[in-house]
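Data first, discussion second: the structure below is written as structure tokens.
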Amino acid sequence: MAKRSHHSYLIVGGAGYIGSHVVKALVERGDQVVTLDDLSKGHRAAVSGGQFITGDLGDRQLLGEIFTTTPIDCVMHFGAYIEVGESVHKPLEYYRNNTAKTTDLLLAMKEHGVDRFILSSTAAVYGEPQRMPIEETDPTAPTNPYGHSKAFIEQILHDAEAAHDLRYVALRYFNAAGADPSGTIGEAHHPESHLIPLVLQVPLGQRDHIAIFGTDWPTPDGTCVRDYIHVNDLAEAHILAAQRLLDGGDSATYNLGCETGYSVKTIIDLAREVTGHAIPAQEAPRRPGDSATLVASSARIKAELGWTPQYDDPKAIIETAWRWHQGHPRGYEGGGD
Ligand code: UFG
């Protein structure tokens, strides 16, 4: 087996859903991990190892102390607000947290000579895509403040790279789902808005049905089609992206999806199979801000970094989510260990 060198990472937002899976993967590899999270959305119990610091990603003094105390090879940034609908009602909060504070983080990195950065970006930067699957070279045209807040920071990274020593990878996630197969960490948003955890709340006895937001979309069964990617496959992509930068590679932007779309109705059917529960569904109006279909081409990251998703089947993804939610029906706040 090839010898693996160990590195030190600052994981901003590492107590959240995706960040906590990356922290676990890095700790298991033997890398040095410092997690910074203000716990406004994240959970201390989700951080399975390394050093934990409670603090704000825009606190340049605190960042300076971290960078002075611990030499950091690479910063990964998961500390964003993620609700499309909420961003429409609270655009200033989204731009402050996702764009302005990220700029503070980048300034602190520059001041302390930390020059490698991995951004959690999103398929929302594409807005209403003109063709499927979506490639990284397709135009970005966000349709909501959340997508703009990420597109802005991608532009800021591009400009900062031209002016400074910074190198970065922007990872545009499609629909992150599932949980670590250990069942110890998983998705725990409050309030929850994502399809799979909401569907699973029905067999958990926490809601009596799942609402299907629109059955008149221009898709085969009339419900929205999404590209679901397992959170541990996302984690692996972060590690490969960091390795690219640590090996001296150039900045890059990659889509992350499994390249196959599944409808809302299909996901509900698969959850019925996994849980053995009838899961009543009710048709509801379209949700503002949704697109009919979002499916990635991930050909670029496969070709350039050798990334291969281990979970290419949404049923297997739902099984891991179900294990987590059964063991932790109220997330990290009690109701499980
Ligand atoms: N849906 C329902 N009922 C529900 C919840 C969701 O029918 O109760 C539908 C949505 O309308 C959508 C699909 O299920 O068609 C998936 O919805 P999610 O909320 O799980 O995910 P989104 O595709 O809306 O959002 C994801 C990320 C966002 C990102 C967006 C676009 O969570 O952060 O993709 O890239 F912005």
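The values are calculated or read from the model by the stated rules, or taken from the named source; none is laboratory data. Model, not experiment: these values are computed from the prediction. When we count neighbours, we look across all protein chains shown, and the Cβ atoms used for this are built from the backbone with ideal geometry, even at glycine.
Every residue in the stretch 174-190 that is more than 10 Å from the ligand (Cβ to nearest atom) and aliphatic (A, V, I, L, M), please. Matches in the stretch 174-190: 179, 185, 188.
Kindly establish whether residue 222 is closer than 15 Å to residue 329 by Cα and more than 8 Å from the ligand (Cβ to nearest atom). No. Could you tell me whether the stretch 132-142 includes any residue that is over 26 Å from residue 239 (Cβ atoms) and either β-branched (Val, Ile, Thr) or not in a loop (DSSP other than H, G, I, E, B) (or both)? No, the stretch 132-142 contains no residue that is over 26 Å from residue 239 (Cβ atoms) and either β-branched (Val, Ile, Thr) or not in a loop (DSSP other than H, G, I, E, B) (or both). Listed by first and then second residue, the pairs linking a residue in the stretch 308-332 that is over 26 Å from residue 261 (Cα atoms) to a residue that is part of a helix (DSSP H, G or I), with Cβ atoms under 6 Å apart and 6 or more places separating them unless they lie on different chains, are 332/45. Screening residue 170 on (1) within 12 Å of the ligand (Cβ to nearest atom); (2) of a type outside the set (S, T, N, Q); (3) modelled with pLDDT of 95 or more; (4) closer than 25 Å to residue 296 by Cα shows it passes everything except condition (1). Here residue 199 fulfils each of the conditions (1) surrounded by 20 or more Cβ atoms within 10 Å (Cβ to Cβ); (2) in a loop (DSSP other than H, G, I, E, B) apart from (2). Does residue 23 satisfy being over 15 Å from residue 238 (Cβ atoms), crowded, with 23+ Cβ neighbours inside 10 Å and touching a strand residue (DSSP E or B) at 6+ places or on another chain (Cβ under 7 Å)? Taking the combined requirement at face value, the residue does not satisfy it. Looking only at the stretch 147-162, decide whether some residue is more than 9 Å from the ligand (Cβ to nearest atom), charged (D, E, K, R) and in a loop (DSSP other than H, G, I, E, B). No: the stretch 147-162 contains no residue that is more than 9 Å from the ligand (Cβ to nearest atom), charged (D, E, K, R) and in a loop (DSSP other than H, G, I, E, B). Only one of the numbered conditions (1) closer than 22 Å to residue 313 by Cα; (2) surrounded by fewer than 23 Cβ atoms within 10 Å (Cβ to Cβ) is violated by residue 209, and that is (1).
For the stretch 176-206, the set of residues classified as in contact with a strand residue (DSSP E or B) (Cβ under 8 Å, 6 or more places away or on another chain) and more than 25 Å from residue 39 (Cβ to Cβ) consists of 195, 199, 202, listed by residue number. Within the stretch 78-96, the set of residues being surrounded by fewer than 22 Cβ atoms within 10 Å (Cβ to Cβ) and away from the ligand (no atom under 11 Å from the Cβ) comprises 88, 89, 90, 91, 92, 93, 95, 96. Taken as a whole, the condition of being of a type outside the set (Gly, Ala, Ser), in a strand (DSSP E or B) and within 17 Å of residue 82 (Cβ to Cβ) applies to residue 229. Taking the stretch 83-120 as the range and being β-branched (Val, Ile, Thr) and modelled with pLDDT under 95 as the test, the residues that pass are 84, 88. The residues listed here are 292, 242, 235; of these, the one that is aliphatic (A, V, I, L, M) and either over 30 Å from residue 29 (Cβ atoms) or within 16 Å of the ligand (Cβ to nearest atom) (or both) is 292. The single condition from (1) part of a helix (DSSP H, G or I); (2) touching a helix residue (DSSP H, G or I) at 6+ places or on another chain (Cβ under 7 Å) that residue 308 fails is (1). Consider residue 57 carefully, then state whether it is touching a helix residue (DSSP H, G or I) at 6+ places or on another chain (Cβ under 7 Å) and surrounded by 21 or more Cβ atoms within 10 Å (Cβ to Cβ). Yes, satisfied.
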